[in-house]
Amino acid sequence: MGSSLLLWALGGVAVLFGMLNLFVGIFAQAFDPWWVWGNLAVGVGLLAAAAITNLDALRERMHSGEARRVGRYGSSALLSTALVVAILGLLGFLSTRYQHRFDLSEQQVHSLTSQTENVLAALEEDVEAIALFPTLGVQPVRDLLDRYAYASPRFKVTYADPNERPDVLARTHVSEEDLGQGLLHISFGGESTQVREVTEERVTNALVKLSRTGEKTVYFLEGHGERPVQGEPAATKEGFSRAAEALVNENYRVEKLLLAATGAVPDDADVVVVAGATRPLLEAEQAALQAYLERGGALLTLIDPRAQTDLVDRVRAWGVDIGDDVIVDRRLAIFGQATSPFAQSYDTSHAITKDMRETTLFHMARSVRGREGADFTELVMTGDDSWAERDLDRFFGDGEAELDDADLAGPVSVGVAGTLSFAAASDTEGVATQVEARVAVFGDADFAANERLDAYRNRDLFVNTVNWLMGDVEAISIRPSISRASRFQLSAEQFVRIRTLSLFVLPELLAIIGIWVWWSRRSEAR
């Protein structure tokens with residue numbers, strides 16, 4: 001009787017785990033047949049052996065009252081099990097008809113960014129995306145593109161193995177030489193483009209490029225010690241090559257502007273950036289910038305502490321109080337470097353910073369505030385314990401800084417954005433009109449330099465500011481982080497094996513060990 005009881009228990013465990021594996025595999029559309037059928041065969045064999053070795057005892061129990069009770073309770077258990085299986089089956093059926101995605105990762109690495117969602121929401125026509133990848137290499141691409149299709153019904157995606165669908169290659173005019181390891185062909189509004197490295201950033205930029213009409217240009221002023229944006233110097237840690245690349249990724253054209261040579265800001269200039277000028281502008285250059293603003297231009301000015309530029313006086317004339325100081329924060333700063341403060345808060349009422357939730361990092365920044373009565377919004381504030389140190393001789397000479405009555409107590413504003421109004425020429429009916437120029441001023445150029453642009457949300461702050469100056473408010477968003485979550489790609493067979501090992505093999509092994517321990521102790525007790 002004892003050995004048959006052990007056989008009953010082991011056979012029941014084998015059958016149970018075999019059925020569970022089969023049930024999960026049916027809904028997942030993938031299971032390990034050797035494990036499933038092997039468990040069922042072993043389980044049925046053990047149960048049959050237990051029944052054969054204990055036929056007399058079973059015959060006696062079948063004619064006893066105990067058998068009737070077992071039958072009654074057993075029937076109830078079977079009905080309950082059948083009901084649970086039916087409910088699970090119904091849930092599985094509904095899951096194939098109604099889908100909802102969840103992203104429980106801390107950094108939301110499996111979700112689209114707000115930039116992509118905004119672009120998809122603005123689509124007025126259907127986008128046809130054809131993923132031309134081999135079957136074995138399409139899964140990472142499918143994971144991303146399915147999120148696009150889920151977010152917008154206008155994003156139509158088709159997966160085609162080039163080896164099996166030569167007709168798709170012919171229709172998209174993609175040659176085998178261009179195909180390489182695979183590519184994504186995107187068509188929209190009669191235009192098309194190809195994406196080889198299928199990342200969210202590149203796919204979204206392709207959509208922006210196809211949907212945006214007209215080319216917009218950002219000019220970077222040069223000739224006054226500004227941060228370089230092109231050439232070898234731009235690639236240094238103080239350079240602006242990555243900032244220029246970030247704007248190109250927004251499908252803006254980036255050009256240099258030497259005002260002393262051109263004499264005026266070009267007519268196609270949508271935004272002019274003065275990034276860290278350290279020398280004064282000529283009077284003719286000042287006049288050219290003023291004329292540009294008076295015709296409705298847009299200007300971004302980044303001015304470091306103690307910069308020897310007359311733009312400080314120009315900015316103050318607009319109604320912006322830019323301090324002759326350095327922001328110090330001994331508590332909310334990177335690695336205790338008091339002159340590299342983090343942003344603590346943003347003005348969420350302004351379009352530039354409305355979606356900013358994560359911090360930005362500055363280095364050697366000065367205070368920038370909007371004067372009362374001027375149409376400027378303070379965008380970024382440092383920590384409560386920060387202050388703007390105004391005794392710069394002691395600060396730079398002795399390296400000492402202490403908050404006193406002469407300093408500006410925190411939180412301290414680092415950047416502002418607003419509009420300037422200018423009287424335009426009267427129209428034919430003699431009615432005077434107003435022209436508005438957009439202006440943004442930051443007391444730091446380092447936050448957008450190569451060394452710090454990709455730190456925290458510095459890139460978003462810089463690009464969003466240019467978006468707003470450009471008038472592309474719909475493009476303002478939080479973009480994909482440069483470093484994404486690491487992933488280990490598994491084949492379908494490898495995944496099934498790992499799932500079987502973790503969900504069935506190990507639990508079944510523990511169950512067998514438990515039964516053996518129980519049976520051994522029961523035998524010793526006799």
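The numbers here are math on the coordinates, done by the rules we state, and not lab data. Please read all numbers here as calculations on a predicted model, not as lab measurements. Counting neighbours? That spans all protein chains shown, and the Cβs are built from the backbone with ideal geometry, glycine included.
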* Derived scalar couplings ³J(HN,Hα) [region 117-128; Karplus, 6.51 cos²θ - 1.76 cosθ + 1.60; whole Hz; x for Gly, Pro] -> 4, 5, 5, 5, 5, 8, 5, 9, 10, 6, 9, 9
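How do Thr53, Thr433 rank when sorted from fewest to most other Cβ atoms within 10 Å of their own Cβ? The partial results should precede the final answer.
Numbers: Thr53 14, Thr433 10.
Ordered by Cβ neighbours within 10 Å, fewest first: Thr433, Thr53.
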* Partners for Lys216 among aspartates and glutamates (Cα-Cα distance below 18 Å; same-chain residues under 8 apart left out) -> Glu245, Glu250, Glu255, Asp267, Asp268, Asp270, Asp472, Glu474
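Mind sorting Ser152, Ser413, Ser523 by how few other Cβ atoms lie within 10 Å of their own Cβ, fewest first? Working shown, then result.
Working: Ser152 20, Ser413 25, Ser523 12.
Ascending Cβ contact count within 10 Å gives the list Ser523, Ser152, Ser413.
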* Asked: Can you sort Ser520, Ser340, Ser345 by how many other beta carbons sit within 10 Å, fewest first?
  -> Ser520, Ser345, Ser340
* To do: Please give every one of the lysines within straight-line cross-link reach of Lys156, meaning a C-alpha to C-alpha distance under 18 Å, and leave out same-chain neighbours fewer than 8 residues apart.
  => Lys209
* Stick to the Cα atoms of region 214-475, pair each with every other, and give me the Kirkwood hydrodynamic radius in Å at one decimal. => 18.7
* Structure fact -> Diffing region 255-271: the Karplus 3J(HN,Hα) column from phi (6.51, -1.76, 1.60, θ = phi - 60°), in whole Hz with x for Gly and Pro, holds 9, 8, 9, 9, 4, 4, 8, 7, x, 7, 6, x, 5, 8, 6, 8, 9
* List the extent of the Cα atoms of region 114-205 along each of their three principal axes, largest first, rounded to whole Å. => 35, 27, 19
* In bins 10 Å wide, starting from 0, what share of all Cα pairs of region 261-407 does each bin hold, as a percent? -> 10, 34, 35, 17, 4
* Asked: region 165-232: D in µm²/s via Stokes-Einstein (Kirkwood Rh, Cα pairs, 37 °C, 0.692 mPa s)?
  -> 217
* To do: Using amide H atoms built 1.01 Å from N in the peptide plane, name the residues 5+ places from Ala365, or on other chains, whose amide H lies under 5 Å from its own.
  => Ile327
* To do: Compute the semi-axes of the equivalent ellipsoid of region 210-264, taking the square root of 5 times each eigenvalue of the Cα gyration tensor, and list them largest first in whole Å.
  => 21, 17, 6
* Give me the lysines in straight-line cross-link reach of Lys237: C-alpha distance below 23 Å, same-chain residues under 8 apart excluded. => Lys256
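Count the net charge of all other residues whose Cβ sits under 10 Å from the Cβ of Ala437, scoring Lys and Arg as +1 and Asp and Glu as -1. Intermediate values should be presented prior to the final figure.
Working: positive: Arg295, Arg438; negative: Glu294, Glu436.
Spelling it out: positives minus negatives among the neighbours equals 0.
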* Structure fact -> Residue-ordered couplings for region 152-157, obtained by feeding phi - 60° into the Karplus form 6.51 cos²θ - 1.76 cosθ + 1.60 and rounding to whole Hz (Gly and Pro as x), are 9, x, 7, 8, 9, 10
* Asked: Which net charge results when you count Lys and Arg as +1 and Asp and Glu as -1 among the other residues whose beta-carbon is under 12 Å from that of Arg242?
  -> 0
